[in-house]
Amino acid sequence: MNTTRIPLLHTGVPGLDHILGGGFPAHSLYLIEGLAGSGKTTLACQIGFQHAHQGKKVLILTLIAETHNKMLNHLSNFSFFDESLVTERILFLGAYNELLRGGLRALQKLIAATLAEQRPDIMIIDGFRTVREATPSDMSLSEFMLSLNSLVSTMECTTFLLSPTEGNVADSENTLVDGLIELSQFERGMQLIREIKVYKLRGSKHMLGRHVFEVGAGGVTIYPRLEAINSAAGAEPPQALSQLSFGIQGWDLLTNGGVLGGSTTALLGNPGVGKTLMALHFIYDGLKRGETCLIVGFHESPARLLEKGRSVGIDLQPHLDSGKLQVIWHPPLEVLVDALAQQVLHNVEQRKVVRLVIDGIDALREIILHTHRSRSFLVAFVNELRHRHVTTFFTQELPYFAHGTAKPEASESMLFENIILLRYVDVGGINRRQIGVLKLRENSYDAANHVLLISNQGMSIEGPASFQRAQPL
């Protein structure tokens, strides 16, 4: 038996086709649900305008919803809106009065006649919840849904029903459509983020689970959950063929040349002990070798990083000017972690980044809103970096005092091949810096703690530390 593959309707909405498995199977019936303000109308109309720009015809049929003028006024704030397409390729039709006068049968006749006359490629029915409220029985609604599904398939019109509801419940709207997408909101404290979930999509292998999205000047942008798109899952990372030095006098000797290329390193230490400076030395060494580098920071602005580098003889400005170094800086406030991960991985891919510093893994964990997601996200993120053979340093803050406890959000041994500990020790009432290697992948190293010195010439290493029995702070 010969089967014809159903063509896909590519939405043009950033990230949406990715979670749909390529797009919506065309000529089918879909329900987009979500409470007021979730973004249903914006998403559906964005898809409509994208296709109208391609010369296709779109019908927007409204029941009890905002007026056409108000809808157009709201849509005009987005860059996808084009007034010249309205009435020419995007048609508006009010159908509530027809439903009020003749019920479902009259509405069905109106839809069938309009589809036959206008032959639209896409139809959007806004305010579809009105249909259920006007239905005398569940059987009548089921018959209407079956007829509508058959009609849009016959007329080859991909149709989206917009309903102000939530949840995958056993109603006719949910069970008799070809796909069910929910837009919702997640709240933690005073912060609110938007999420999209694809419950079902017949004829497509879609991504399960929740994915965050935002509504900006360009409309809806979706950021697929990093764990769900982990392209490095199950893949062996490239074999490390070289070692990358730290660029710190004495330390490369103690670590037998530095760290393996493509590995991840944790720089653990108390506040002010020198974690960021050590990371800057690592970046600067790469820049002097002509390597492309990237710094991702949360607390210190690019201007402060530049000044911190200058204070120890590290001049990063020429490398920023040449483009060999870039800095991505986001204060750890309301940042979508999947958007940030996408930005970093895109930068790594496009610029062929060799060395990367994430200055503040603690802040990265802070912006992961969902409880218990931190571990899986970080594992996926690190695996993506390894897969791209990026040598990455993560700085991690330890408590001021030794009796404090760090939050073990993720397994250190799983995330990091290399772990370096920087800390203060009290020697006769004087705070001294000490550095030691806790773990170094496939490399011999000096396991003794050593004295760490910082001057206007940068970092240097002495030792072994003669104060190893001193009291840690």
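Residues with beta-carbon under 11 Å from that of Lys200, excluding Lys200: net charge, scoring Lys, Arg +1 and Asp, Glu -1?
Values: positive: Lys197, Arg202; negative: Asp178, Glu182.
Counting the neighbours of Lys200, the net charge comes to 0.
Report ³J(HN,Hα) in whole Hz for each residue of region 80-95, in order, from the Karplus equation J = 6.51 cos²θ - 1.76 cosθ + 1.60 where θ = phi - 60°; Gly and Pro get x.
Values, residue by residue: 6, 6, 9, 4, 5, 7, 5, 6, 7, 10, 10, 10, 10, 9, x, 10 Hz.
Determine ³J(HN,Hα), in whole Hz, for all residues of region 273-279 in sequence, where each value follows from phi through the Karplus function 6.51 cos²θ - 1.76 cosθ + 1.60 and θ = phi - 60°; x replaces Gly and Pro.
My calculation for region 273-279 gives 7, x, 4, 5, 4, 5, 5 Hz in order.
Which of the aspartates and glutamates could a cross-linker bridge to Lys439, judged by Cα under 18 Å and excluding same-chain residues fewer than eight apart?
Asp252, Glu397, Glu412, Glu417
How many percent of DSSP beta bridges within region 238-392 run antiparallel, rounded to 5? Before the final figure, lay out the partial values.
Numbers: 2 of 15 bridges.
Percent antiparallel among DSSP bridges in region 238-392 is about 15.
Enter the accessible area per residue of the chain (Å², integer; probe 1.4 Å; all protein chains in place).
Numbers: 21570 Å² over 473 residues.
With the other protein chains kept in place, the chain gives 46 Å² per residue.
Counting only DSSP beta bridges with both residues in the chain, tell me the antiparallel percent, nearest 5. Before the final figure, lay out each step's value.
Working: 41 of 93 bridges.
Approximately 45 percent, going by the DSSP bridge assignments.
Amide H to amide H under 5 Å from Gly34: which residues, 5+ apart in sequence or cross-chain, H placed 1.01 Å off N in plane?
Ser163, Thr165, Leu183
Match the structure shown to one of the listed values (1) 57, 21, 20; (2) 39, 25, 21; (3) 35, 26, 22 of semi-axes √(5λ) of the Cα gyration tensor in Å, computed from it, and give that label.
It is the value labelled (1).
Just reorder His53, His330, His281 by solvent-accessible area, largest first, 1.4 Å probe, all chains present. Please list the in-between numbers first.
Numbers: His53 95, His330 55, His281 20 Å².
In descending accessible area the options line up as His53, His330, His281.
On a 1.4 Å probe surface of the protein chains, which of Thr41, Thr11 comes out largest in accessible area, and what is the full order? Provide the component values of the computation, followed by the final result.
Details: Thr41 30, Thr11 0 Å².
Reading off the accessible areas and sorting them downward yields Thr41, Thr11.
So, in nm, how far is label Tyr199 from label Lys352 when the simple model puts each one 7 Å beyond its Cα toward the Cβ?
4.8
How do Arg194, Arg210 rank by accessible surface area computed with a 1.4 Å probe, from largest to smallest? Can you show the working numbers first?
Details: Arg194 75, Arg210 110 Å².
These residues rank, largest area first, as Arg210, Arg194.
Give the carbon-plus-sulfur fraction of the accessible surface of region 1-127 in %, rounded to a whole number; probe 1.4 Å, heavy atoms of protein chains only. All intermediate terms of the calculation are to be shown ahead of the outcome.
Values: 2920 of 6030 Å².
The nonpolar share, carbon plus sulfur, comes to 48 percent.
What is region 258-312 by shape, rounded, prolate or oblate, if you read a ≥ b ≥ c off the alpha carbon gyration tensor as root eigenvalues and call it rounded for a/c under 1.5, prolate for a/b larger than b/c, and oblate otherwise? Provide the component values of the computation, followed by the final result.
Numbers: a/c = 1.74, a/b = 1.20, b/c = 1.45.
It is oblate, given that a/c is not under 1.5 and a/b is not larger than b/c.
Enumerate the calculated ³J(HN,Hα) couplings along region 200-216 in order (Karplus 6.51 cos²θ - 1.76 cosθ + 1.60, θ = phi - 60°), each rounded to whole Hz, writing x wherever the residue is Gly or Pro.
Once θ is set to phi - 60°, the couplings for region 200-216 become 8, 7, 5, x, 8, 9, 8, 7, 7, x, 8, 9, 7, 8, 9, 10, x Hz.
Which pairs break 28 Å Cα to Cα here: Lys197/Lys352; Lys205/Lys324; Lys308/Lys352; Lys56/Lys205? Could the numbers behind the result be given before it?
On the way: Lys197/Lys352 33 Å; Lys205/Lys324 40 Å; Lys308/Lys352 26 Å; Lys56/Lys205 26 Å.
With Cα atoms farther than 28 Å apart: Lys197/Lys352; Lys205/Lys324.
What is the local net charge at Ile122, summed over the other residues whose Cβ is closer than 9 Å to its Cβ (Lys, Arg +1; Asp, Glu -1)?
Values: positive: Lys56, Lys57; negative: Asp121.
Every neighbour counted, the sum reads +1.
Under 5 Å between amide H atoms, partner at least 5 residues away or on a different chain: which partners does Gly269 have, H built in plane at 1.01 Å?
Gln396, Leu398, Leu422
Tell me which trypsin sites (Lys or Arg not before Pro) from region 285-317 have a DSSP coil assignment and no more than 15 other beta carbons within 10 Å of their own.
Values: sites: Lys288, Arg289, Arg304, Lys308, Arg310; in loops: Arg289.
Those satisfying the criteria are Arg289.
The values are calculated or read from the model by the stated rules, or taken from the named source; none is laboratory data. In this text, all values refer to a predicted model and were calculated from it rather than measured experimentally. Here the Cβ is made from the backbone with ideal geometry for all residues, glycine too, and neighbour counts use every protein chain on show. Surface areas here come from the heavy atoms of the whole protein model, side chains and all, with no ligands, DNA or RNA. Shrake-Rupley method; radii C 1.70, N 1.55, O 1.52, S 1.80 Å.
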